[in-house]
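Worksheet: the structure to be examined is printed underneath.
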Amino acid sequence: MKRVILSYPYVFVWMPLFIIAPMLFVLYYAFFRDGQFTLEYVQNVVANDTYLGAFWNSLWIALATTVICLLMGYPIAYILSQMKKRTAALVSLLFILPMWMNMLLRTLAWKVLLFDGGVFQQILSFFGAGNVQLIYTPGAVLLATVYDFLPFMILPIYTTLQKLDRSLIEAAHDLGANGAQTFTKVVLPQSVPGIISGITMVFVPAMSTFAVSTMLGGKQVMLLGQVIEEKFLAGTDSVLGIGSTLSLVLIILVIVSMVIMNRIDKDNSASGGTLW
């Protein structure tokens, strides 16, 4: 009972003020104009190529970021899980350290590196490719999002692999499985919960990010979060309606992705977590 009391400030103060109330405001501005119900903003969003383009840009960059982080993060997490705990803790700290710095500062650092005349431009010039455009490109946005969210993929997978029952691996070897078979049929299925957590922790913020696209994409690579920011900063009722509708689209997409990930996680748990 005492533990339940500790949740009261969150349930009765924080949630109503900072979660429920903002959501109600978003719903109101998306479907009401001058106190009257309207679908005008929804129709404007669906019919506008700029908003649809920003949606698809956000979707493919979020998916690409998630895939790249998974392909890079899983091997790193697996290697860490095979190290001694002290060594793994030290190496993990190297991935966590950049997260101690504000995301805007990390993004600004990438802008300095990628800008014309920056370090990367000078390296390319040395090899005769100095005219390649680096800043304000989809590649720059993708590079920064992978850099920002890679630790969110590594840590949950590493935590899951650390808790892996080593007796299952020994049993697989005793039954004649080689290294590849042991990994694909025992280690990989057992690490699915960590993979699901990592995918969720990377895809959701990558889908809604706006600082990275603003600083590294400019007006050339518009993401949904960036468009929403501009609409809300404008402040007029009609523009707020568009921004609220776009926010609802983003919220629905995030909720759908989380439901899918939870369903996959439950299916994997129900199957026992192995592929024998």
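Here, each number is a calculation from the coordinates, and none is a lab measurement. Owing to the predicted nature of the structure, the values given are computational and were not obtained by experimental measurement. Reconstructed Cβ throughout: ideal geometry from the backbone, glycine too, with neighbour counts over all protein chains shown.
Some notes on this structure:
- Peptides 104-112, 67-75 ordered by average Cβ neighbours within 10 Å, highest first: 67-75, 104-112
- 0 to 90° range, to nearest 10: angle between helix 224-234 axis and the chain longest Cα axis: 30
- Across the range 119-219, the relative contact order, built from alpha-carbon pairs under 8 Å that are at least six residues apart, equals 42 percent.
- Our helix-only sum for the chain, with -39,500 (n - 2.57) per DSSP H run of n ≥ 4 divided by its residues, gives a mean residue ellipticity at 222 nm of -22500 deg cm²/dmol.
- Radius 15 Å from Cβ of GLY225, net charge of other residues (Lys, Arg +1; Asp, Glu -1): -1
- Centroid-to-centroid separation of the range 1-20 and the range 197-212 [C-alpha atoms, Å]: 26
- Cut-off 14 Å between beta-carbons: net charge of the residues surrounding ALA211, Lys and Arg +1, Asp and Glu -1: -1
- The C-alpha atoms of the chain define a longest principal axis, and helix 237-270 lies at about 20 degrees to it.
- Model label sites at ALA109 and LEU6, defined 7 Å from Cα along the beta-carbon direction, differ in position by 3.5 nm.
- Charged neighbours of PRO98, selected by a Cβ distance under 10 Å, balance to 0 (K, R count +1; D, E count -1).
- Per-peptide packing, taken as the mean over residues of other Cβ atoms within 10 Å, places 166-172, 35-41 in the sequence 166-172, 35-41 from highest down.
- Ordering 244-257, 10-23 by mean Cβ neighbour count within 10 Å, with the highest value first, yields 244-257, 10-23.
- Contact order, relative form, for the chain: 29 percent (alpha carbon pairs under 8 Å, 6 or more residues apart, mean separation divided by residue count).
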